[in-house]
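In what follows, a single structure is set out as structure tokens and then discussed.
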Amino acid sequence: MQEFKKIDLDTTINSGQVFLWDKIDDTWYGVDGSNILKITQDPFKISSSEKKASDFFRQDDNMEKILQSIKKDKIVKDAVLRFPGLRLLRQDPFQCYISFICSSNASIQNIKQMLKKITIKFGKRIIFGGHEFHTFPSARKLANSTIAELSSCGLGFRAKYVKKASQDVVSGRIDFNYLKKSDYKTAKNVLVDVYGIGDKIADCILLFSLEKIEAFPVDRWTLRILRKYYFDLFDESISRSITKKKYEEIHEKIVRHFGPFAGYSQQFLFKMERELNNKKWL
DNA sequence: TCATCACCTGGAGA
DNA sequence: ATCTCCAGGTGAT
């Protein structure tokens, strides 16, 4: 089996996509919506608390073709070479949506803590594989919660975002099935209208849970990467504060350079640069 | 349209 | 011990 076909669990889970994962005795456990996943690396085996078929690891993706497509330059080539087992994940959309709304101006460890508290306070407690877990709550549950309850999970100013965003799901204003079927631009325009969701967070939700592999979240790390390695390409577009128009301009250039699987290239570059700076993950 | 700034909170570094 | 600063941004001037 060629190296790129093997999924590297540690690398993938520690790449900033998911927050509710823990490793217990060489086994990874994670919360994905109402489902709890249990995964071992060797042998690679997945089991779950619910019997629902979801390809969490995107094993349907043609990695040979995707990697071929994104290796446009030496930087991405190096990143792919260093983390050949890194993958994008296919997350439960509502959990992903709330997770990244919580991520604004917060560290990964802080985000993890907020989400953990949300599951304990609002999720369903279950025992799986001999361990206790709490599922991610439904939109209705969070929509009906009070700001005070949400604040007690350490959300701070994000509490009001989470409540409103949950209400938008309950009312049907946000329909994840519709967004999955829509093209990138249409879906993005819908998401950025939600209170608490801007360009970056919308792209995270699109990439990690709504099948938009061309989405390329631009955050302070990505911006740093573009400045450091791709200055010649993005030159004028990169200013200190990034406006909506600049963001679109950058995204256009990104897709032109990295191609239709740009989101994959983002994941490799992000992983590489954070490792390079010894940043912590979960 | 664009640039600043406040914002909850917890953890790291001075 | 106490303080400052920052963290995968966003909304309001």
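The values are calculated or read from the model by the stated rules, or taken from the named source; none is laboratory data. All of these numbers come straight from a predicted model, not from anything done at the bench. Positions of Cβ are generated from backbone atoms using ideal geometry, with glycine treated the same way; all protein chains shown enter the neighbour counts. What goes into the accessible areas is simple: the full protein's heavy atoms, side chains included, and nothing from ligands, DNA or RNA. Shrake-Rupley method; radii C 1.70, N 1.55, O 1.52, S 1.80 Å.
Numbers below:
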item	result
Packing rank of A:28-36, A:199-207, where each peptide gets the mean count of other beta carbons within 10 Å, highest leading	A:199-207, A:28-36
Chain A, helix-only ellipticity at 222 nm - DSSP H runs n ≥ 4, -39,500 (n - 2.57), divided by all residues, nearest 500	-14000 deg cm²/dmol
Compactness of the stretch A:215-281, expressed as Rg and Dmax over alpha-carbon positions, Å	11.6, 32
20 Å tail of the calculated P(r), the stretch A:33-126, as % of Cα pairs	56
Carbon and sulfur %, accessible surface of chain A computed with the full protein complex present, 1.4 Å	48
Global size of the stretch A:50-179 as Cα Rg and Dmax, reported in angstrom	17.9, 50
Scaled radius of gyration (Cα, divided by 2.2 N^0.38 Å) that the stretch A:6-86 gives	1.21
Label-point gap, in nm, between A:Asn110 and A:Thr40 - each point 7 angstrom along Cα→Cβ	3.9
Per-residue ³J(HN,Hα) for the stretch A:26-39, Karplus 6.51 cos²θ - 1.76 cosθ + 1.60, θ = phi - 60°, Hz, x for Gly and Pro	6, 10, 8, 10, x, 9, 10, x, 8, 9, 10, 9, 10, 9
Table column - 3J(HN,Hα) (Hz), the stretch A:260-270, Karplus curve with 6.51, -1.76, 1.60, x for Gly and Pro	x, 9, 3, x, 5, 5, 4, 5, 5, 5, 4
Accessible surface, per residue, of the stretch A:193-282 when the full set of protein chains is kept, probe 1.4 Å, Å²	45
Relative contact order, percent, chain A [alpha-carbon distance under 8 Å, six or more residues apart]	22
Charge dipole (chain A, unit charges on Cβ, about Cα centre) - positive-most of A:Ile108, A:Gln59, A:Leu81	A:Ile108
Accessible solvent surface per residue of the stretch A:93-132, calculated while the other protein chains remain in place, 1.4 angstrom probe, Å²	45
Accessible surface, 1.4 Å probe, highest first, among residues A:Glu273, A:Glu248	A:Glu248, A:Glu273
Using θ = phi - 60° and Karplus 6.51 cos²θ - 1.76 cosθ + 1.60, couplings along the stretch A:108-118 (whole Hz; Gly, Pro as x)	4, 5, 5, 4, 4, 5, 4, 5, 4, 5, 4
Reference-scaled alpha-carbon Rg (2.2 N^0.38 Å with N residues) for the stretch A:156-282	1.11
Environment charge of A:Asp193, counting only residues whose C-beta is closer than 14 Å and scoring Lys/Arg +1, Asp/Glu -1	+2
Neighbourhood charge, 12 Å Cβ-Cβ cut-off, centred on A:Lys212 and excluding it, Lys, Arg +1 and Asp, Glu -1	+1
Cα convex hull volume per residue for chain A (Å³)	129
Unsatisfied cross-links (Cα-Cα over 24 Å) in the set A:Lys212/A:Lys245; A:Lys23/A:Lys280; A:Lys23/A:Lys52; A:Lys5/A:Lys77; A:Lys51/A:Lys160	A:Lys51/A:Lys160
Built amide H within the under 5 Å cut-off of A:Arg58, gap 5+	A:Arg90
